[in-house]
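Visitor: Before we start, here is the structure in question, set down as structure tokens.
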Amino acid sequence: MSSPANTALVDRRTIRQYLPKPVPDNVVRDLLTEARWAPSATNTQSTYVYVVTGEPLKQLKAENLNNSKACISAEPDIEMNRDWPPLLQSRMSSAIQARETFIKAEETKKGAKAAAVHPTVAVANLFGAPVLLILAFDKTIVPAYGGFDAGVLAQSIALAAHARGLGTSITGSAIRYAYLLRRVIPETEDKNFVIAIALGYPDWEAASNRFPRQRAPLDEWVSFVG
């Protein structure tokens, strides 16, 4: 039987194009107030959230873009995966291919192809999102615990946003250069930046927000023991 909770889990998707519409501060506060009920290790609630908007966000987008164009090596607080096992890499490649194929088909339907935005530019610009939530935890916390808590909170934020008609993109790209984040977020030298969430109102006209998605079948990743 379907319920609002599992409908949200299935309907929520990564948003890769946002409307040029600001998200009111009270809406951000409301969804974070709700998301704070996410479980954490023995109720430690170890994740800090930094809400970045306006000029600081504009600065961060510009500096991320400059670093990406200059091919400057990433310097994240927590090491990121560079090589994925073949099965996981194939899932990633299939999703990218499906998205690109759908977008091209939609452009063909319209007849007039809009000027393509280079992926580097789109990612650095957070797909036009007006809000960026940066998640972090104290450097004294073991990354496995801090990362797990932050991941649960990130999912809760995404679902709370979805329930309000907002869209999210949980992204590691925005935290690739930790020192850039510290330029716009003061007094964070004692924190590890772990993940970021772009937040805004989805542009449902954008093909990148409408392509058919897939998930691996249960037998591929679930084992019943007993």
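Visitor: If one computes the Cα centroid of the stretch 77-147 and of the stretch 162-226, what distance in Å separates the two points?
Guide: What the calculation gives is 8 Å, centre to centre.
Visitor: Something else now. Could you tell me which of V52, L218, G200 has its Cα farthest along the dipole of the chain towards the positive end, charges placed at Cβ (Lys, Arg +1; Asp, Glu -1), taken about the Cα centre?
Guide: Value computed over the given set: G200.
Visitor: Another question about this same structure. Kindly work out what percent of the DSSP beta bridges joining two residues of the chain are antiparallel, to the nearest 5.
Guide: Of the beta bridges lying entirely in the chain, close to 90 percent run antiparallel.
Visitor: Across the chain, where is the longest run that never hits chymotrypsin sites (Phe, Trp or Tyr not before Pro) in a DSSP loop with at most 12 other C-beta atoms within 10 Å? Before the final figure, lay out the partial values.
Guide: Working: sites that count: W37, W204, W221, F224.
That would be 38-203.
Visitor: If you don't mind, another one. Calculate the spin-label point distance for V117 paired with F102, positioning each point 7 Å from the Cα along the beta-carbon direction, and give it in nanometres.
Guide: The answer from the label model is 1.7 nm.
Visitor: Counting each pair of different Cα atoms once, what's the Kirkwood radius of the stretch 1-81 in Å, rounded to one decimal? Display every interim value, and only then the final one.
Guide: On the way: mean 1/r = 0.0593 Å⁻¹.
One over the average 1/r among Cα pairs gives 16.9 Å for the stretch 1-81.
Visitor: At q = 0.09 Å⁻¹, what is the base-10 log of I(q)/I(0) for the stretch 1-156 according to the Debye formula with one equal point scatterer per Cα and no solvent? Please give it to two decimals.
Guide: -0.42
Visitor: Is the stretch 76-226 best put as rounded, prolate or oblate by its Cα gyration tensor, with a ≥ b ≥ c the root eigenvalues, rounded for a/c under 1.5, and otherwise prolate when a/b is larger than b/c, oblate when not?
Guide: Oblate shape, in that a/c is at least 1.5 and b/c is the bigger or equal ratio.
Visitor: Report the relative contact order of the chain, percent, no decimals, based on alpha-carbon pairs under 8 angstrom and at least 6 residues apart.
Guide: With pairs under 8 Å counted, the relative contact order is 39 percent.
Visitor: With labels modelled as points extended 7 Å from the Cα through the Cβ direction, what inter-label distance (nm, one decimal) is found for A216 paired with V27?
Guide: 3.5
Visitor: Moving on to the next point. Which lysines have a Cα less than 23 Å from the Cα of K191, not counting those fewer than 8 places away in the same chain?
Guide: Partners within reach: K58, K61, K139.
Visitor: Just want the answer: with Cβ charges of +1 for Lys and Arg and -1 for Asp and Glu, which residue in T140, A122, I185 is farthest toward the dipole's positive end in the chain?
Guide: A122
Where a number appears in this text, it was derived from the coordinates with a stated rule and is not lab data. Small disclaimer: the values here were computed from a predicted structure and weren't measured. Using ideal geometry, Cβ is built from the backbone for each residue, glycine included, and neighbour counts are taken over all protein chains shown.
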